[in-house]
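Contents: one structure, followed by commentary.
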Amino acid sequence: MIALHSLPVTSSIDPTISCSRCPAKCCRLEVMLITDTGVPERFIEVDQWGSETMARLDDGWCAALDRDSMSCSIYANRPFICREFAMGGPECQDERAV
């Protein structure tokens, strides 16, 4: 068992960033489905090689993004990659800078 005090501190997280105050820029990224999290079939696209990705609408946004609230409509079943994309983390900061 690892003691919590021995875990590295992630100083690259920006605590001022909140998904509730973001235009959901990460929801324009291509999201590969690499694990089964229960994403509803209507939000899955399959390419010519059989790889599954989150469907995107003509405007480039993820099909699961609720455009009124700018939040994920399938949050409890969101893809693994979305779960790993840390709010305020380095990848988040990079996308917000674009």
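Taking into account only those residues within segment 64-79 that are exposed (fewer than 15 other Cβ atoms within 10 Å of the Cβ) and of a type outside the set (S, T, N, Q), which is farthest from residue 30 (Cα to Cα)? Result: 68. Look at residue 55 and say whether it is under 20 Å from residue 20 (Cβ atoms), in contact with a strand residue (DSSP E or B) (Cβ under 8 Å, 6 or more places away or on another chain) and modelled with pLDDT of 95 or more. Answer is no for this residue.
Could you list, in sequence order, the residues of segment 63-86 that are within 13 Å of residue 23 (Cα to Cα) and in contact (Cβ under 8 Å) with a residue 40 or more places away in the chain? Correct list: 65, 70, 71, 72. For residue 60, the criteria (1) under 15 Å from the mean Cα position of the chain (by Cα); (2) farther than 17 Å from residue 21 by Cα; (3) surrounded by 11 or more Cβ atoms within 10 Å (Cβ to Cβ) hold in every case but one, which is (3). Counting residues in segment 19-27 that are surrounded by 15 or more Cβ atoms within 10 Å (Cβ to Cβ), among the hydrophobic types (A, V, I, L, M, F, W, C) and farther than 20 Å from residue 92 by Cβ gives zero. For segment 28-50, the criterion of being in contact with a Cys (Cβ under 6 Å, 6 or more places away or on another chain) and surrounded by 14 or more Cβ atoms within 10 Å (Cβ to Cβ) is met by none of the residues.
The values are calculated or read from the model by the stated rules, or taken from the named source; none is laboratory data. Computed from a predicted structure; not experimentally measured. Please note: Cβ atoms are built from the backbone with ideal geometry, for glycine as well, and neighbour counts cover all protein chains shown.
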